[in-house]
Amino acid sequence: MRSPRFLAAASLAAGAALLLSACASSSDEAEPAASDNAAAGEVALITPGTLTVCSNPPYEPFEFEDETGEIVGLDIDIMQEVADDLGVELLVKVTAFETIQSGVDLDTGSCDVVASGITITDERKAKFDFSDPYFDADQGLLVPSGSDLSDVDSLAGKKVGVQQATTGETFADENGLQTVQFEDLGLQIQALKTGQVDAVINDIAVLGPFVEEGFEVATTFPTGEQYGFGVKKGSTALLDAINGTLERITTDGTYDAIYTERIGTAPIGK
Ligand code: ARG
């Protein structure tokens, strides 16, 4: 049996906790940008009331301009869910993939989160913190329709366009390919169109849209990559919020709906 004295102490503690939470919520309300969601109060953002996200389009279906010039895509949809859970606005900033993946955008306070189809690698993990993985990726080879380039061996002596500072570039380098660097996927494709390069390597999931433009996806290089969202080292509250949203959208079906809309098929195994 618990002594009445213990019970009294316990209810006093409960009362104190209630009081504390009442204080916390009333101070939340005093902040104009904060929502009724307690998480927003704990997460420090570079612009209060706004989740600022750095991304490198064109990278359809993850980040690309729609007809109205707005940046949309799977990464942006998920970031919108995070912003909604935090009760803040979402702002997408376009930056170079190099400064995204090196941690520079985060370190210089350009953005709170980098969301750009970023493969989780040990090298990058040393520079910033990653969320839980949210997408599986491999590399792919895009060639002009009818080309006989189909594997690493056939690329000997050929010029391969890669996106600067990406895992596709690393893959090409590791396989001894002769590469030409481009700052983004758009420039890579442009160079393939003009014949400046013979083939292009980038993540397989972004090559599909170019099949309609006279190209074919010649092969997949199964690199077994996973995408994660990045935050500045030590931004634990924000990281927890992102992982919390990832967990929520995985459980409530939102992730599958986003995936199906943006990728065109349901996630494997569903
Ligand atoms: N997944 C690859 C990497 O992390 C390429 C990502 C490029 N992303 C982009 N939005 N351009 O290196």
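The order of the peptides 174-181, 204-211 by mean Cβ neighbours within 10 Å, most packed first, is 204-211, 174-181.
If the chain between A156 and Q226 were fully stretched, how many nm would it gain, using 0.36 nm times the residue separation less the Cα-Cα distance? Display every interim value, and only then the final one.
Numbers: separation 70, 0.36 × 70 = 25.20 nm, distance 2.81 nm.
In short, 22.4 nm is gained.
Per-residue Karplus couplings for the range 110-118, computed as 6.51 cos²θ - 1.76 cosθ + 1.60 with θ equal to phi - 60°, are listed in order as 5, 7, 7, 9, 9, 10, 7, x, 7 Hz, Gly and Pro entered as x. Over the C-alpha atoms of the range 188-243, the Rg to Rh ratio, Rh being the Kirkwood estimate, stands at 1.19. Summary of the geometry: the range 79-131 and the range 173-225, compared by the centres of their Cα atoms, lie 24 Å apart.
Computed from the Cβ-Cβ distance with R0 of 45 Å, the FRET efficiency linking N175 to E42 stands at 0.50.
Placing pseudo-labels 7 Å out from each Cα toward the beta carbon at Q196 and S147 gives an inter-label distance of 1.5 nm.
Efficiency by 1/(1 + (r/R0)^6): what FRET value for E123 and T50, r their Cβ-Cβ distance, R0 = 30 Å, to the nearest 0.05?
E between E123 and T50, to the nearest 0.05, is 0.50.
Along each principal axis, taking the top coordinate minus the bottom one, the Cα set of the range 129-236 gives 49, 29, 23 Å in descending order. Sequence-distant contacts, meaning Cα pairs under 8 Å at least 6 residues apart, place the relative contact order of the range 108-202 at 30 percent. Of the GluC sites (Glu not before Pro) in the range 59-108, the ones in a loop by DSSP (not H, G, I, E or B) with at most 12 other beta carbons within 10 Å are E67, E70. The local environment of S235, defined by Cβ-Cβ distances under 10 Å, has a net charge of -1 under the rule Lys, Arg +1 and Asp, Glu -1. Backbone phi angles across the range 214-221, fed through the Karplus curve with coefficients 6.51, -1.76 and 1.60 (θ = phi - 60°), yield HN-Hα couplings of x, 10, 9, 7, 7, 6, 9, 9 Hz in residue order; Gly and Pro are listed as x.
Every number in this text was worked out from the coordinates using simple rules, so none of it is lab data. Since the model is a prediction, treat every value here as computed from it, not as a measurement. Heads up, the Cβs are rebuilt from the backbone with ideal geometry, glycines too, and the neighbour counts pull from every protein chain shown.
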